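Structure, as structure tokens:
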């Protein structure tokens with residue numbers, strides 16, 4: 001069909017309304033007045049290519065989506081805004097989602113331009129009933145984590161680079177500078193597929209846990225448009241379930257128990273056995289040396305290094321597995337808070353070392369953009385725009401172009 005000014009304006013309005021945004025909110029995001037945006041939406045005023053590009057990004061759309069025959073009235077971003085009104089009302093949250101969707105669309109476009117066939121999503125989907133309580137949600141998350149480990153053939157061993165594991169399952173991963181209260185988000189969209197984004201500003205060990213948490217959403221909440229993991233929502237059942245999944249997925253109960261036993265701990269302080277010879281029973285008892293079974297901070301340090309998680313995560317995991325009680329937890333946490341864990345980690349050469357490479361997505365994205373520019377599939381201006389999306393400034397882009405070998 002011929003794209004008239006009126007139809008384009010209608011589609012822009014539809015996309016805005018599906019996100020629950022007012023004309024003032026959208027206009028502020030793209031530098032247009034409410035009056036100007038109203039004129040564009042009514043078809044009384046044409047929209048420039050630059051303005052449409054900004055509008056598409058603010059609405060979480062690919063600019064080409066406004067010109068297809070079958071226009072999608074709603075997408076992942078609009079569904080998320082509809083499910084949680086706060087997302088649209090808070091400027092920083094809204095921008096984080098917009099940037100993430102834009103990054104996903106640009107990555108998809110680059111792969112299309114370079115004729116790269118993406119791995120089709122093969123991630124499992126776990127159909128679960130609605131959790132009735134937090135206790136129920138924890139049980140569901142732990143069960144799915146155990147089953148997913150079995151499906152992937154991971155056993156109880158530590159997991160290597162989580163981003164590589166997710167990518168192997170057809171899940172894109174990326175890093176975006178998100179507000180401090182957002183650890184990550186999951187987007188499920190027909191154009192960008194399954195896309196997990198983690199906060200580029202958070203520490204590596206927290207990013208690793210966030211990746212596992214979002215993977216839980218991918219596996220257990222596929223019927224939704226996605227999820228935004230915010231501090232304010234950590235008590236919600238879906239977030240509790242995803243957190244329980246992450247803890248079990250990264251630190252399987254059996255693996256933790258085996259690791260502790262290797263250091264001669266985790267067994268009962270008093271053990272009894274009975275030997276029966278068809279006539280009589282011989283009772284045998286053994287007592288451990290007092291204090292020998294108590295878990296110490298160096299055990300926590302080694303566990304954190306082994307499973308590539310934070311020491312505080314290990315402490316909570318040990319308490320939840322009832323390998324330490326509340327009193328022991330507080331004792332160990334106090335020592336960790338004093339900095340003892342860091343000192344022990346240095347002595348044992350066992351730091352919290354996640355295997356995630358936070359620059360991996362950035363390198364891949366820039367490599368694709370560079371190749372598209374080399375093939376003249378995108379302009380110099382577009383290359384600079386893409387580079388800016390992953391943190392490169394104008395001068396860095398110019399220096400790179402000037403020094404790069406394009407042969």
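Taken together, the values in this text are just the output of simple stated rules run on the coordinates, not laboratory data. Since this is a predicted model, take the numbers as computed values, not measurements. When we count neighbours, we look across all protein chains shown, and the Cβ atoms used for this are built from the backbone with ideal geometry, even at glycine.
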Notebook entry, point to check: Fully extended, how many nm does the chain gain between residue 46 and residue 395 (0.36 nm per residue separation, minus their Cα-Cα distance)?
Noted result: 122.3 nm
Next item on the list: Please give the contour-minus-distance gain from residue 72 to residue 367: 0.36 nm per residue of separation, less the Cα-Cα distance, rounded to one decimal in nm.
Entry: 103.1 nm
Item checked: Helix-derived mean residue ellipticity, 222 nm - over the chain, DSSP H n ≥ 4, -39500 (n - 2.57), to 500 -> -16500 deg cm²/dmol
Check: Taking a label point 7 Å from the Cα of residue 124 along the Cα→Cβ vector, which residues of region 176-220 have an amide N closer than 18 Å to it?
Finding: 212-220
Check: Rounded, prolate or oblate: which one fits region 127-256, using the alpha carbon gyration tensor with axes a ≥ b ≥ c (rounded when a/c is under 1.5, else prolate when a/b beats b/c, else oblate)?
Finding: rounded
Checklist line | Between region 315-377 and region 183-215, the Cα center-to-center distance that results, in Å | finding: 15
Note to self: On a full-extension model of 0.36 nm per residue, what is the gain between residue 53 and residue 388, subtracting their alpha-carbon distance, rounded to one decimal in nm?
What the structure shows: 119.1 nm
Next item on the list: Determine the percent antiparallel among the DSSP beta bridges restricted to the chain, to the nearest 5.
Entry: 75
Check: Using the eigenvalues of the Cα gyration tensor, what equivalent ellipsoid semi-axes result for region 360-403 when each is taken as the square root of five times the eigenvalue, whole Å, largest first?
Finding: 14, 13, 9
Item checked: Ranked list, fewest to most other Cβ atoms within 10 Å of each Cβ, for 336, 328, 147 -> 147, 328, 336
Margin query: On the principal axes of its Cα set, how long, how wide and how thick is region 68-160? Give whole Å, largest value first.
Written below: 45, 38, 27
Checklist line | Cα pair count fraction exceeding 26 Å, expressed as % - the chain | finding: 62
Notebook entry, point to check: By how many degrees, between 0 and 90 and to the nearest 10, does the Cα long axis of helix 360-374 differ from the longest principal axis of the chain?
Noted result: 30
Notebook entry, point to check: In what sequence do 299, 340, 117 fall when counting other Cβ within 10 Å, fewest first?
Noted result: 117, 340, 299
Check: Mean separation of Cα pairs under 8 Å and 6+ residues apart, divided by the residue count of the chain: what relative contact order is that in percent?
Finding: 13
Item checked: Neighbour-count ranking [beta-carbon atoms within 10 angstrom, fewest first] of 144, 68 -> 68, 144
Margin query: Binning at 10 angstrom from zero up to the longest distance, how are the C-alpha pair distances of region 5-74 distributed in percent?
Written below: 23, 64, 13
Item checked: Burial ranking of peptide ranges 207-219, 155-167 (average Cβ count within 10 Å, highest at the top) -> 207-219, 155-167
Note to self: Taking just the alpha-carbon atoms of region 109-182, what radius of gyration and Dmax come out, in angstrom?
What the structure shows: 16.3, 48
